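Okay, structure first, notes after.
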Amino acid sequence: MSPALAGVLQLTALTAALALAYRPLGDYMAAVYASPKHLRIEKVIYRCIGANADAEMRWPAYLRGVLAFSAAGVLLLYLLQRVQGGLPLSLGFASISPDQAFNTAASFVTNTNWQSYSGEQAMGHVVQTAGLAVQNFVSAATGMAVAVALVRGFARSRTGDLGNFWADLVRGTIRVLVPIAVLGALVLVVCGAVQNFSGIHEVGQFMGGAQQTNGGAVASQEVIKELGTNGGGYFNANSAHPFENPNAFTNLFEIFLILVIPFALTRTFGKLVGNVKQGYAILATMGVIWLGFTALMMWTESAHGGPALQAAGAAMEGKETRFGVGASSIFSVATTLTSTGAVDAFHSSFTAFGGGIQLLGMMLGELAPGGVGSGLYGMLVMAIIAVFIAGLMVGRTPEYLGKKIGTREIKLAACYLLITPTLVLGFAAASMVLPDALGSMLNTKALGAGSHGFSEVLYAYTSGANNNGSAFAGLNANTPWYNTTIGLAMLLGRFLPMVFVLALAGSLAEQQPVPQTAGTLRTEKPLFAGLLVGTILIITGLTYFPALALGPLAEGLS
């Protein structure tokens, strides 16, 4: 079987699996967030944290809950890393330095999972399980809660109420993420992933000599890092490591985990607003972009010119032979079009144009299908922009799902769009003029800061501000400058957009719905889905094309 055919078959099987899970999972999540009842374990949690789960919140109160919970998460995870040297099961690892502890705490609380360390050489079992893995659950549930709050903004009228953050957080964790993660971890263990609390062992190598390796609760962390679109690996090689991702089946299963909730949330959206066709329109937009990027990546990596690549059959440098070009391309697009950041191949070794596709996927805002929760609310903000553009074309006040898109709404949507490019381009520009920051480009020191070196820096801040977490890895990011600035990019790139999303949700929830007329734009139709795709690509292109031209495009054309 040719590698191209194998890739197509894997993509077909993945699409079929996602289609089968779409309706039942989407309907289940809609029932979870709409249910008036609380489970017994949920009531215990509410009593422990002192929350009244039945109290409705307007957007400022909802936002305060998000920020307070996340701030507490950053502080606790920071302290856990700083005292690691005195904890049991630390495997003899020292406590983490202040700047790296801040970077890692910000990374995992913001659902980014950017790692400037090697997991198997820095983090003990307690930090991995009680710290990082816990944040993988609750940071994903926080994103889902904000998305549901925005959906309620469309569904409710003249109340301003968006639900209860604590109830949404606990339900997303207990009823959605935990059950799927338990089943997924069992699948990974059966297929060969590691799940233990073993210490460090010395293992003989095939060519002589020995190396040290350690185990850990790998399968349980692997499944939630993919399911919650987190991405941080137990090992430095991430999902290319055989302990995390043993074979071709687990590789495809992990891609499925990355995509299943973000895609299914469009069904949840349709059910909660009372019009599933609206969910199908958002799904179609996400699906077209995802399939288009995947096909382009597979073609770029399989057919790139050059005698060495042709002799190898494709661009195999940095890819696992047990996965091949097709599966690695599918995984790469899935992880950069979502906020996952997990990798089963070395992204810096992809072709120049392949690296450009990865960058562009994150620059879209990671909304096709995007992160757990963040993909849906990002796509809905883009839908508001598209409706506004359509309204300008026909001279009519824009409306979306029966709500007028006025000055306040469009200002909030515009602020949402501008914050991430400002962080990415601002920090990247500053890094290109600082000697210490330039010195971190390890594989371009001899040649100076060339186009690939610029791509490394651009990728780092794009990944951080968009809460992705993957890296080109030719950049030494474990420096005070990069630890601090990428940490700030992750925090601001996560929570400032949430401020605008929740303010937008509150504004929409206060409105009285307007009836449909003959002139109303039908946002459930293919025409609107096409307009939305075009809006996303044009806005992203206008924002980032100069930076892409200096990086991957210049490298690919040189």
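The values are calculated or read from the model by the stated rules, or taken from the named source; none is laboratory data. Everything quoted here is computed from the prediction, not taken from an experiment. Note that each Cβ is placed from the backbone with ideal geometry, even for glycine, and that neighbours are counted across all protein chains shown. Accessible surface areas use protein heavy atoms only, side chains included; no ligands, DNA or RNA. Shrake-Rupley method; radii C 1.70, N 1.55, O 1.52, S 1.80 Å.
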Unmet requirement for residue 546, which otherwise passes all of (1) assigned to a helix (DSSP H, G or I); (2) touching a residue at least 40 places away in the same chain (Cβ under 8 Å): (2)
Breaking point among (1) buried (at least 20 other Cβ atoms within 10 Å of the Cβ); (2) farther than 30 Å from residue 140 by Cα, for residue 527: (1)
Pair list, Cβ < 9 Å and 6+ apart or interchain, from the range 393-413 residues that are in contact (Cβ under 8 Å) with a residue 12 or more places away in the chain and in a strand (DSSP E or B) to residues that are hydrophobic (A, V, I, L, M, F, W, C) and surrounded by fewer than 14 Cβ atoms within 10 Å (Cβ to Cβ): 399/514; 403/514; 404/514
Test: residue in the range 88-98 that is at pLDDT 90 or above, open to solvent by less than 60 Å² (accessible area, probe 1.4 Å) and within 18 Å of the chain's Cα centre (by Cα): no
Selected residue (only one of 145, 130, 141 is closer than 21 Å to residue 48 by Cβ, in a helix (DSSP H, G or I), small (Gly, Ala, Ser) and open to solvent by 20 Å² or more (accessible area, probe 1.4 Å)): 130
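What do you reckon, is residue 468 assigned to a loop (DSSP other than H, G, I, E, B) and either within 30 Å of residue 136 (Cα to Cα) or of a type in the set (A, V, I, L, M, F, W, C) (or both)? Lay out the reasoning, then the answer.
Numbers: assigned to a loop (DSSP other than H, G, I, E, B): yes; either within 30 Å of residue 136 (Cα to Cα) or of a type in the set (A, V, I, L, M, F, W, C) (or both): yes.
Taking the combined requirement at face value, the residue satisfies it.
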Residue that is modelled with pLDDT of 95 or more, among the aliphatic types (A, V, I, L, M) and within 18 Å of residue 133 (Cβ to Cβ), where the choices are 261, 282: 261
Every residue from the range 462-493 that is over 17 Å from residue 98 (Cα atoms), surrounded by 24 or more Cβ atoms within 10 Å (Cβ to Cβ) and modelled with pLDDT under 90: 469, 470, 472, 475
Single match in 364, 360, 392 (criterion: closer than 21 Å to residue 330 by Cβ and out of contact with any helix residue (DSSP H, G or I) (no Cβ under 6 Å at 6 or more places or on another chain)): 360
Scan of the range 102-118 for residues that are surrounded by 23 or more Cβ atoms within 10 Å (Cβ to Cβ) and either of a type outside the set (S, T, N, Q) or assigned to a helix (DSSP H, G or I) (or both), ordered by number: 103, 104, 105, 106, 107, 108, 109, 114
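Kindly indicate whether residue 517 is surrounded by fewer than 24 Cβ atoms within 10 Å (Cβ to Cβ), among the β-branched types (Val, Ile, Thr) and without any contact (Cβ under 8 Å) to a residue 40 or more places away in the chain.
Numbers: surrounded by fewer than 24 Cβ atoms within 10 Å (Cβ to Cβ): yes; among the β-branched types (Val, Ile, Thr): yes; without any contact (Cβ under 8 Å) to a residue 40 or more places away in the chain: yes.
Yes, satisfied.
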The range 201-226 - residue that is surrounded by 10 or more Cβ atoms within 10 Å (Cβ to Cβ) and assigned to a loop (DSSP other than H, G, I, E, B) and, of those, modelled with the lowest pLDDT: 215
Failed criterion for residue 233 (all others in (1) under 18 Å from residue 136 (Cα atoms); (2) assigned to a helix (DSSP H, G or I) hold): (2)
The range 1-30 - residue that is free of Cβ contacts under 8 Å to residues at least 12 places away in the same chain and not hydroxyl-bearing (Ser, Thr, Tyr) and, of those, farthest from residue 73 (Cα to Cα): 1
Residue in the range 520-551 that is farthest from residue 359 (Cα to Cα), counting only those that are in contact with a helix residue (DSSP H, G or I) (Cβ under 9 Å, 6 or more places away or on another chain) and polar (S, T, N, Q): 523
Contacts under 6 angstrom Cβ, first residue in the range 151-163 being assigned to a strand (DSSP E or B), partner open to solvent by 40 Å² or more (accessible area, probe 1.4 Å), 6 or more apart: 161/56
Listing of helices (runs of 4 or more DSSP H) fully contained in the range 246-357 that carry 1 or more residues being among the hydrophobic types (A, V, I, L, M, F, W, C) and buried (at least 23 other Cβ atoms within 10 Å of the Cβ): 248-272, 276-303, 324-337
Among (1) crowded, with 23+ Cβ neighbours inside 10 Å; (2) closer than 25 Å to residue 59 by Cβ; (3) modelled with pLDDT under 95 - the single one residue 512 does not satisfy: (1)
Test: residue in the range 373-385 that is at positive phi and under 17 Å from the mean Cα position of the chain (by Cα): yes
Scan of the range 29-46 for residues that are surrounded by 16 or more Cβ atoms within 10 Å (Cβ to Cβ) and part of a helix (DSSP H, G or I), ordered by number: 29, 30, 32, 33, 42, 45, 46
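How many residues does the range 51-74 hold that are over 22 Å from residue 106 (Cβ atoms) and open to solvent by 70 Å² or more (accessible area, probe 1.4 Å)?
So the first thing to find is which residues in the range 51-74 are over 22 Å from residue 106 (Cβ atoms), and the list is 51-61.
Adding the requirement that they be open to solvent by 70 Å² or more (accessible area, probe 1.4 Å) leaves 52, 54, 56, 58.
Qualifying residue count for the region: 4.
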